[in-house]
Amino acid sequence: MKKAVKYMGIAAVMIAGLFLSLYFNNAIGTPKSKIEKDARISHKIDPSWQVAKSTTDTLSAMLFYDENLSRYTFSIYENREGLSFGYFFRSGGSANVENEGIAEYKAQGRQEKVYLSMNKQQVIKIEIANGNTVEIIDIDHTKPFAVVLPVGLGAIKICDIDGNVLPTILQTL
């Protein structure tokens with residue numbers, strides 16, 4: 001009986017050690033509540049920078065920017081299938097696409113798209129036409145935005161303050 005308890009104790013310590021090792025090596029992912037903090041630390045993002053973000057159960061997109069809207073960086077995280085308890089960094093940086101227009105990111109094997117923009121075009125809304133209904137996502141036309149939307153949701157129109165439908169610039173992850 002003593003040997004069984006001893007072996008169960010050793011097994012419990014080994015399992016806990018394995019879990020802690022995986023956690024501290026970011027092998028099980030970053031929890032949803034800590035994605036922004038992880039991105040700020042990993043990319044050395046100034047704490048004064050603001051963030052536009054959108055997170056679903058499978059993707060998280062963040063667009064960090066300074067108060068003058070002159071500098072920015074983006075981060076996209078994904079929640080992998082399988083043994084995953086959080087999100088993993090997928091892509092990021094400061095591609096000029098987000099500054100010049102509306103970047104549309106699609107990751108192979110993912111059923112969602114990410115839309116990122118510094119919003120120089122003054123986007124005011126995203127319309128999603130799904131058969132008989134139209135869902136509207138309001139956007140502050142004075143601020144950058146990040147939006148994650150499922151593929152196949154419906155026809156998506158991104159409209160500026162004058163009602164013009166704007167094109168996106170397709171990017172791959």
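Can you flag which of 44/113; 53/113; 53/125; 113/157; 120/143; 53/143 are past 18 Å Cα-Cα? Don't skip to the end; give the middle numbers.
On the way: 44/113 26 Å; 53/113 13 Å; 53/125 16 Å; 113/157 14 Å; 120/143 9 Å; 53/143 12 Å.
From 44/113; 53/113; 53/125; 113/157; 120/143; 53/143, over 18 Å: 44/113.
What do you reckon, how do 125, 53 stack up by accessible area (1.4 Å probe), largest on top?
53, 125
Quick one: which residues, 5+ away or cross-chain, put their amide H under 5 Å from the amide H of residue 113? H built at 1.01 Å from N.
Result for residue 113 returns 149, 151.
Grab the other residues whose beta carbon is less than 13 angstrom from that of residue 102, score K and R as +1, D and E as -1, and report the net.
0
With θ set to phi - 60°, apply the Karplus curve 6.51 cos²θ - 1.76 cosθ + 1.60 along region 130-135 and write out the HN-Hα couplings as whole Hz, x wherever there is a Gly or Pro.
Result, rounded to whole Hz: 10, x, 8, 10, 10, 8.
Ranking request for peptides 41-50, 102-111, 149-158: highest mean number of other beta-carbon atoms within 10 Å first, then the rest in descending order. Let's see the in-between values first.
Details: 41-50: 11.7, 102-111: 16.8, 149-158: 14.8.
Highest mean packing first, the order is 102-111, 149-158, 41-50.
Using θ = phi - 60° and the Karplus form 6.51 cos²θ - 1.76 cosθ + 1.60, what ³J(HN,Hα) does each residue of region 91-105 get, whole Hz, x for Gly and Pro?
Values per residue, Gly and Pro as x: 7, x, x, 9, 4, 6, 4, 5, 7, 8, x, 10, 7, 10, 9 Hz.
Using the basic label-point model (7 angstrom from Cα toward the beta carbon), what is the residue 127 to residue 48 distance in nanometres?
4.0 nm
Name the long-range amide H neighbours of residue 88: under 5 Å, sequence gap of 5 or more, or other chain; modelled H, no Pro or chain starts.
30, 78, 79, 80
Taking the Cα centre of region 31-172 as origin, sum charge times position over the Cβ atoms of Lys and Arg (+1) and Asp and Glu (-1), and report the length of that vector in debye to the nearest 20.
Details: 16 positive and 18 negative charges, 89 e Å.
Roughly 420 debye, rounded to the nearest 20.
The values are calculated or read from the model by the stated rules, or taken from the named source; none is laboratory data. Everything numeric here is computed off the predicted structure, so don't read it as measured data. Cβ atoms come from the backbone with ideal geometry, glycine included; neighbour counts cover every protein chain shown. For the accessible areas, the whole protein counts, side chains as well, though only heavy atoms, and no ligand, DNA or RNA atoms are used. Shrake-Rupley method; radii C 1.70, N 1.55, O 1.52, S 1.80 Å.
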